[in-house]
Structure formats: structure tokens, C-alpha cells
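Worksheet: the structure to be examined is printed underneath.
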Amino acid sequence: MGQTRKHHTVEKIGGTSMSRSRELLDALFVGDRNDEQIYNRIFVVSAYGGITNLLLEDKKSGEPGAFGLFANADNDHGWMDALSTAAQAMGEAHRTVLDHPADIKDADDFVRDRIEGARSCLIDLQRLCSYGHFRLSQHMDQTRELLSGLGEAHSAYVTVLLLKRNGVNGRYVDLSGWRDEGDYTLEDRIVEGLREVDFTSELPIVTGYAQCNEGLMREFDRGYSEVTFSRIAALTGAGEAIIHKEFHLSSADPKLVGADNVVKLGHTNYDVADQLSNMGMEAIHPKAAKVLRQAGIPLRVTNAFEPEDPGTLIDDKPTDAPRVEMVTGIGVYALELFEQDMVGVKGYDATVLDVLTRHNVRIVSKSSNANTITHYVDAPLKLVRRVENDLERKYPSATLNVRNLGVVAAIGRDLAGLKVMMRGLQALDAAGIYPVGMQQTSRTVDAQFIVPRDQMDHAIKVLHQALVEKLETAAEVKAA
């Protein structure tokens with residue numbers, strides 16, 4: 001692997017920001033930087049915004065893309081049409097980034113080669129599986145990875161074209177394993193991809209997807225690019241890992257509580273990052289955070305379009321004083337199992353967890369008493385209903401209820417002594433919001449208020465005002 005200076009950085013750009021790559025030329029890649037500041041950086045890129053949805057499925061709605069249609073092939077042409085739609089969208093994406101005709105033609109040729117190569121591969125796979133000895137279902141993981149890798153390969157390639165046209169010695173590093181017959185672990189794939197790179201005079205643009213024996217998507221699904229990013233940082237001994245977003249990590253969603261009321265985090269720790277991930281507000285995938293944490297590498301989250309702002313540093317350091325750093329919420333379904341015979345009997349909780357795991361349902365929080373276990377889950381209602389049906393068969397005498405709720409959490413490195421539960425309950429009561437549940441763990445890093453789903457946004461505003469705005473003001477007055 002090429003030599004880096006002692007404190008080189010590994011930096012990741014998300015899909016929405018990638019779609020504004022021309023703006024990133026000044027804000028992130030070049031601007032007024034000298035050569036030393038331009039180089040000694042490794043960039044890991046996601047696909048352009050919306051492309052992975054077209055290649056796989058819509059992340060929010062679940063509407064199938066090329067993979068979804070191929071996996072459920074009701075007709076032979078639906079997935080082919082979807083792949084063509086993705087190719088068209090990829091072309092439109094790079095036309096907003098590139099302006100030189102030669103670069104556009106180069107990018108068009110690249111998309112055509114990859115898309116038609118993937119199309120031929122999937123046609124051959126369908127033909128092979130038309131024989132009784134082969135099952136299409138056995139190849140779904142590899143197919144999903146093949147299609148997903150097209151997006152990152154495209155955005156990385158186009159970014160290098162853009163950089164070279166603007167005088168930067170960009171280097172395309174494709175970890176997607178395209179037409180590669182080698183057998184690599186993730187570490188081997190990264191080491192091999194970066195082996196010949198001179199970090200002092202080249203700016204490597206690396207695909208967020210990496211093909212490897214472990215199969216990144218099996219474990220991390222759409223979070224794979226952050227895992228690649230963190231492993232590159234650890235393997236190269238980066239001084240800092242940086243994720244560039246389109247916004248700052250703030251004390252709440254500014255659209256909900258008002259831009260003038262939010263406070264930029266500035267500094268927090270990996271414990272808070274894990275809590276944010278649990279609430280669906282990933283600063284970084286928890287498995288990627290674990291890699292950085294174990295390697296002793298701090299993570300910085302910045303606004304890509306405000307290069308002068310240092311953003312928020314995430315490390316292992318405790319806070320100087322207890323405070324609520326963020327208030328956020330997530331919509332959940334409460335799956336409540338009531339069984340009178342549960343008292344003193346072991347096994348109920350394990351059975352519920354087994355069913356939830358089998359249906360791949362994510363648990364946000366849970367609570368229990370003598371005869372009731374409630375799991376607050378982040379999943380589509382139809383999936384929750386399947387879990388409910390399975391549990392009814394296992395426990396025919398139990399009563400099961402499903403409720404549409406919201407979990408609103410006040411999160412901070414240390415909440416000790418802030419009376420978060422009492423202050424929060426008083427504020428919600430004054431606003432006419434009556435929680436159906438509350439809980440705080442002994443580690444005092446978060447406090448959760450469970451409210452009706454249609455009152456979640458209002459609860460976030462109320463709690464932010466009580467636990468962030470008022471407490472921040474009180475702290476400033478005390479300090480003065």
C-alpha cells in the first residue's frame with residue numbers, strides 16, 4: 001500500500017452530496033488548497049442520489065428496482081426495463097456533473113459497459129437456473145451485490161473524470177470486483193486496491209461498495225459504504241475519519257424546531273452516535289463506528305458545503321458537564337404481548353426475540369413487567385402483523401396488541417442530575433401531550449418518551465425547548 005503522511009484522512013461523501021459534485025470542487029476537493037492539502041486524503045464515495053434505489057429498491061417505500069423485480073420475476077422483462085431506467089438515471093446524473101463532451105462520452109461508455117455486462121450476467125443466470133439442478137434463490141445475495149456495486153463504480157469513475165479535467169490527479173479505485181476472478185477478504189480487497197497508490201501525489205476516489213468473501217450486504221445491507229470507509233481508515237492508520245453530509249449534526253431537526261433554535265453538537269462521543277443510530281439518525285453505521293473506535297480513530301461529521309466549519313468531532317472523551325445534546329424521534333409499532341401465565345415462567349422473551357429476528361424486525365426499545373412484554377419496533381406494519389400471527393400461534397391464550405406510536409429520545413453523553421424525566425414530563429403535560437410510556441437506563445445517556453404517533457413531532461419541539469433551549473440558556477447565564 002502506498003505511503004501516507006502520518007495524519008492523512010479518509011473521507012466519505014454520501015449520495016445526496018455526490019449529486020452536487022460540481023459544488024464540491026471548490027468546497028471539498030480543491031478550493032484554495034495547496035497540493036499537500038489536496039492530496040494525502042482518501043475519498044470513499046456513495047452512488048449518486050437515487051441510483052441505488054433504482055438498482056435495488058426504494059429505501060423508504062420499498063418499491064422494487066431492478067433487483068427487486070429480478071428476485072420476484074413475475075415477468076422476464078420488468079427487471080430489464082428497470083435496469084434500463086437505472087442506466088438512464090446514471091447518464092442524467094453524470095451530465096449534471098460533467099460538462100466536457102469527451103468526459104460525458106467516456107462516462108456514457110462506462111455506464112453502457114457495466115449495465116449491459118450486468119444484464120448479460122443476469123440473463124445467463126436465469127437461463128442456467130431454468131435447469132432443475134440450479135436454484136435462482138441461491139444466487140440472490142451475489143446478484144444484489146453485483147447490482148448495488150454499479151452505482152458506486154459509476155460515481156467514483158465520474159468523479160475522477162471531473163477531478164482530472166480540473167487539474168487534480170484523481171485515481172479511480174474500484175473495489176467492486178467487476179470481472180475479477182480473485183478471491184478476497186475485505187481487508188485483502190482494500191489492500192490490493194490501494195497497493196500502487198501514491199497518496200502524496202494522487203487523490204484516490206474509492207467505491208463505497210467492496211466485493212469480498214464476507215458479503216457486505218448480507219450483514220450491513222445499505223450501510224456497506226460506511227463499513228468500507230471505516231476499514232480503510234483503520235487499515236491505513238488514518239489520523240481522522242470524516243463523513244461529509246449536507247447538514248451539521250444538531251440538537252434536533254431544524255425543520256421541526258426552527259433553524260434558530262438548534263445547537264450544533266460540535267463534540268460528542270461514540271456512545272451518543274450509537275444512540276442516534278438506534279433512533280434511525282445514523283451519524284455512522286454502528287459496526288463502522290466500532291471499527292474506528294477500536295482503532296482509536298476519531299470521526300468528524302461535517303457539512304460538505306461549509307468547508308470553513310469544523311463540524312462535529314466524535315471520539316471517546318466524556319463531556320465536561322451533563323447536558324442534553326439532541327432530541328429526536330422515530331415512528332414505531334408497539335407489539336404488546338400480555339399473558340397471565342407469564343408470571344415466574346422463563347422463555348417468553350426469548351421466543352418473541354426469536355420470531356422478531358426471523359422476520360428481520362429491528363427493535364428500537366422494549367419494556368416488560370410481570371405479565372406483559374412490549375417491543376417497540378421499526379418495521380412496516382405488514383411485517384409486524386406477520387410477527388403477531390406467529391406469536392398468536394405459539395401463545396393462543398395470550399393477548400396481542402399493535403399500536404402506532406413514536407419514541408422520542410433525549411440523548412447526551414451524560415444526563416446525570418438534569419432531571420430529564422421530570423422536566424420532560426412536565427413540559428409534555430403543559431403541552432397537552434400524555435406519554436403512554438417512559439424509560440431511562442442506568443447509564444444516563446438517553447431518556448425515552450413514548451407518545452402517540454401523531455404527536456411525535458410536537459413532542460420533539462416541546463422537549464427540545466425544555467431540555468435543550470432552556471437548559472442551554474440557564475447554563476450560559478450561570479457561566480456568565
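The values are calculated or read from the model by the stated rules, or taken from the named source; none is laboratory data. As the structure is a prediction and not an experimental result, all values here were calculated from the model. Because the Cβ atoms are built from the backbone with ideal geometry, glycine has one as well, and the counts that use them run over all protein chains shown. In case anyone asks, the SASA skips ligands and DNA or RNA and just uses the protein heavy atoms, side chains included. Shrake-Rupley method; radii C 1.70, N 1.55, O 1.52, S 1.80 Å.
So how many residues does region 332-349 have that are modelled with pLDDT of 95 or more and either assigned to a loop (DSSP other than H, G, I, E, B) or open to solvent by less than 30 Å² (accessible area, probe 1.4 Å) (or both)?
3
Is it the case that some residue within region 366-385 is more than 30 Å from His248 (Cα to Cα), of a type in the set (Lys, Arg) and in contact (Cβ under 8 Å) with a residue 40 or more places away in the chain?
No, that holds for no residue.
Quick one: Gly177 ticks every box in (1) more than 23 Å from Lys290 (Cα to Cα); (2) more than 23 Å from the chain's Cα centre (by Cα); (3) open to solvent by less than 40 Å² (accessible area, probe 1.4 Å) except a single one, so which number is it?
(2)
So, of the residues in region 227-256 that are under 19 Å from the mean Cα position of the chain (by Cα) and polar (S, T, N, Q), which turns out to be surrounded by the fewest Cβ atoms within 10 Å (Cβ to Cβ)?
Here the residue is Ser250.
Please enumerate the residues belonging to region 306-326 that are under 14 Å from Val420 (Cα atoms) and under 19 Å from the mean Cα position of the chain (by Cα).
Met326
Hey, among the residues in region 285-308 that are in contact with a helix residue (DSSP H, G or I) (Cβ under 6 Å, 6 or more places away or on another chain), outside any loop (DSSP other than H, G, I, E, B) and of a type in the set (A, V, I, L, M), which one's most open to solvent (accessible area, probe 1.4 Å)?
Ranking the qualifying residues of region 285-308, first place goes to Ala295.
Residues that are touching a Pro at 6+ places or on another chain (Cβ under 8 Å) and surrounded by 19 or more Cβ atoms within 10 Å (Cβ to Cβ), at least 3 per element: which strands (runs of 3 or more DSSP E) completely within region 384-480 meet that? Walk me through how you get there before you give the answer.
Working: elements: 399-411, 437-440, 446-452.
By residue number, 446-452.
Determine which single condition Asn169 fails, assuming it passes every other condition in (1) out of contact with any helix residue (DSSP H, G or I) (no Cβ under 9 Å at 6 or more places or on another chain); (2) open to solvent by 10 Å² or more (accessible area, probe 1.4 Å); (3) at pLDDT 95 or above.
Here Asn169 meets the rest and fails (1).
Which one is farthest from Gly182 (Cα to Cα) among residues in region 207-233 that are among the aliphatic types (A, V, I, L, M) and modelled with pLDDT of 95 or more?
Result: Ala233.
For region 350-370, what are the residues that are surrounded by fewer than 17 Cβ atoms within 10 Å (Cβ to Cβ) and polar (S, T, N, Q)?
Hits for region 350-370 are Thr351, Thr357, Asn360, Ser367, Ser368, Asn369.
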